[in-house]
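Following: one structure in structure tokens, then a few remarks.
The values are calculated or read from the model by the stated rules, or taken from the named source; none is laboratory data. All of these numbers come straight from a predicted model, not from anything done at the bench. Here Cβ is always computed from backbone atoms with ideal geometry, including for glycine, and neighbour counts include all displayed protein chains. Side chains included, ligands, DNA and RNA excluded: accessible areas come from the protein's heavy atoms. Shrake-Rupley method; radii C 1.70, N 1.55, O 1.52, S 1.80 Å.
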Amino acid sequence: MSFITVPSAVTDNSTLSSYKSVDLEHTTLDLSINWDDKILAGSVTHVLKSELKSVVLDTSFLKIDKVEWQNKVVKHDVADRDSFRGSALTVRDIEVGVVGELKIYFSTTKDCTGLQWLSPEQTIGKKAPFLFSQCEPTHARSIFPCFDTPSIKVPYKFDIDSKYPVLVSGTRTVGSKFEQKVPIPSYLFAIASGNLKSKVIGLRSHVWAEPEIVDSCQWEFEADTELQLEAAEKLLFKYEWGSYDVLVLPPSFPFGGMENPNITFATPTIVSGDRTLVNVIAHELAHSWSGNLVTNSTWGHFWLNEGWTVYIERRILGQLHGEPYRHFAAIEGWQDLENAINVMPAEYTKLVMDVASDVDPDDTFSTVPYEKGSTFLWYLENLVGRSVFDDFMKKYFQAFKYKSLDSFKFKEFFIATVGDASASVDWDAWFYNPGLPPKPQFNDELLRVCAALSDKWTSPANVKNSEWKKWASKTDISGWHPLQVIVFLNLVTDKLGAIKTDANCASAIADLGAIYEIGQSRNAEIKFRWLQLAVKAGVQGTKEALAQWIAEVGRMKFVRPGYRLLNEVDRELAVSTFEKNKTFYHAICRAMVEKDLGL
Ligand code: BES
Ligand code: ZN
């Protein structure tokens, strides 16, 4: 049985592999974790049929020891590096048109960007080392030789030997063996190992973490996970992967979450003690349909993964907390979109991006595909009406599950499904215009109080005459949802220009933080907004506080803008903080910050 989809007409420029001339049926990884030398070593077996005598695979900083075709050693060569695309591994003398086993013996090296090896000191418990992977978008090739493109998908078997508990993106069969029966693209391969314990968080879910934090992780997620899964199933169809677990990683994990099948990887910064950042879990579990069942065929069509996922995430939140909440989350998203469009090159503010062979997909990454993509789907929903859209959505995910597609297939399917209702969509404008799309009509019920309070704080008279000392009190924000605090802080930051030159500006903002008890928040999203605002306003001691915080969290969402801001206000502090802490960061994060700081 072959799971191969006819490769999409769009070519993936981010791979060097010969994916278009092979039919891949199955992949097996047999690996052992060598903790002393920080090496993953073993073999990968690809069951495939090739149209050509040569098969080319992606590798990056891997050491290739031996290649076999049907159990016989065959010739191979590893080309020089081609930037982020790595070193093409060419295997010759493959029988054409025959399904056979291509087995490659290899090991990783210290340069492999997809893995981070943590010393015991870098973990929370400080007792054992820790290893985790992050493959999306193009780092799977630094863990095993593969066809590293989201356009082809296969089922996997894994056998992983480690002296510590192991998790992979599949389900355990026996002992050290796992399988992933659903065909997945290479970027969804994941592995983690370390001192891990698990606790139940739902009917089909466990949370995994170091023992020191596993109870607080359980509390954070146990109220929402199953309800979110059920909400998604109601919107789409049954969850097809079996169990859904969450792994909370040490703080250097570079993302908020990563939708590895069966085992979402998450940053500890979402364990805020108030259960308000569980939208990240809603997002990652929504990927079980958008991205993991139905996958973008190249990184230029990334909005099909992330725009859909944000759309579904907010539909889940709407079901659980009401439609105004969904609108409010979209308003916050719109703020992020405006900010991203201001800093990203115009090409990468298009929904459909041209990711050429010399463009590293990591460099095109921003919130644009997330928010512009979900805004497009929001627009389509309003155009055709909720019930027609929901019918389309169910059909779309059923039709394309186990497959990869591009935006043109999406368009074709939408038009075929909704018919005349789609006549007015300006597809080219949505796909190719850079910058902001038309702004949807949001319900501003929850926004109004945030906007009014931010206006009060940023009125020039308020600051000039120290008026806030008379009116401001904790009750101004009592009963607010933490998301409203975030939006309020964003708004004050946006309007800071109106008061920035006033001599009282820093003391007004310092008092804002103190009166609302924002400065001490454990909620990382609030803490981040606060530190950005306070540093911009010149509040004493806050640039040092920001430097200290980004030395402790490795999540790029905070670390990159954090360094960019420090660089503006105090380059020396930015550079010295980075130099002191760079071994703490994940290789991807380190590389991005180096670029941001021009090092
Ligand atoms: N798939 C992404 C993370 C990602 C994107 C990793 C591109 C590597 C390359 C994940 O689903 C994600 O979007 N995470 C967000 C969560 C948020 C939007 C709720 C994050 O990390 O902040
Ligand atoms: Zn996502």
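Quick rundown of the values:
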read-out	value
Residue in the range 268-278 that is in contact with a Pro (Cβ under 6 Å, 6 or more places away or on another chain), in the same structural domain as Val246 (by TED's automatic domain parsing) and at pLDDT 95 or above present	yes
Lone qualifier among Lys403, Lys474, Lys456, Lys469 - being of a type in the set (D, E, K, R), open to solvent by 80 Å² or more (accessible area, probe 1.4 Å) and over 19 Å from Gly513 (Cβ atoms)	Lys403
Single match in Gly513, Gly554 (criterion: touching a helix residue (DSSP H, G or I) at 6+ places or on another chain (Cβ under 7 Å) and within 29 Å of Pro361 (Cβ to Cβ))	Gly554
Residue in the range 229-246 that is within 16 Å of the chain's Cα centre (by Cα) and of a type in the set (A, V, I, L, M, F, W, C) present	yes
Residues that are at positive phi and outside any loop (DSSP other than H, G, I, E, B), drawn from the range 401-438	Gly419
For Glu347: the one exception among (1) out of contact with any Lys or Arg (no Cβ under 7 Å at 6 or more places or on another chain); (2) within 13 Å of ligand 1 (Cβ to nearest atom); (3) in a helix (DSSP H, G or I)	(2)
Residue match in the range 16-27 (condition: exposed (fewer than 13 other Cβ atoms within 10 Å of the Cβ) and touching a strand residue (DSSP E or B) at 6+ places or on another chain (Cβ under 9 Å))	no
Subset of the range 189-199 (residues that are crowded, with 24+ Cβ neighbours inside 10 Å and more than 16 Å from Pro250 (Cα to Cα))	Phe189
Residues being open to solvent by less than 10 Å² (accessible area, probe 1.4 Å) and either farther than 18 Å from Pro165 by Cα or outside the structural domain of Glu284 (by TED's automatic domain parsing) (or both) - total across the range 200-216	1
Residues of the range 478-493 that turn out to be touching a residue at least 24 places away in the same chain (Cβ under 8 Å) and surrounded by fewer than 18 Cβ atoms within 10 Å (Cβ to Cβ), as a count	3
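Matching residues to (1) farther than 27 Å from Val485 by Cα; (2) not small (Gly, Ala, Ser):
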{"site": "Arg522", "(1), (2)": "no, yes"}
{"site": "Lys543", "(1), (2)": "no, yes"}
{"site": "Gly562", "(1), (2)": "no, no"}
{"site": "Val569", "(1), (2)": "no, yes"}
{"site": "Glu572", "(1), (2)": "yes, yes"}
{"site": "Phe584", "(1), (2)": "yes, yes"}
{"site": "Arg590", "(1), (2)": "yes, yes"}
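Let's see how each residue does on (1) open to solvent by 40 Å² or more (accessible area, probe 1.4 Å); (2) more than 16 Å from ligand 1 (Cβ to nearest atom); (3) closer than 14 Å to Thr309 by Cβ:
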| residue | (1), (2), (3) |
| --- | --- |
| Phe365 | yes, no, no |
| Gly373 | no, no, yes |
| Val384 | no, yes, no |
| Ser387 | yes, yes, no |
| Met393 | no, yes, yes |
| Gln398 | yes, yes, no |
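For every residue, the table says whether it meets (1) open to solvent by less than 10 Å² (accessible area, probe 1.4 Å); (2) part of a strand (DSSP E or B); (3) more than 9 Å from ligand 1 (Cβ to nearest atom); (4) farther than 16 Å from Ser374 by Cα.
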position	(1), (2), (3), (4)
Thr276	no, no, yes, yes
Val280	no, no, no, no
Leu285	yes, no, yes, yes
Asn292	yes, no, yes, yes
Leu304	yes, no, yes, no
Trp308	yes, no, yes, no
Tyr311	yes, no, yes, no
Arg314	no, no, yes, no
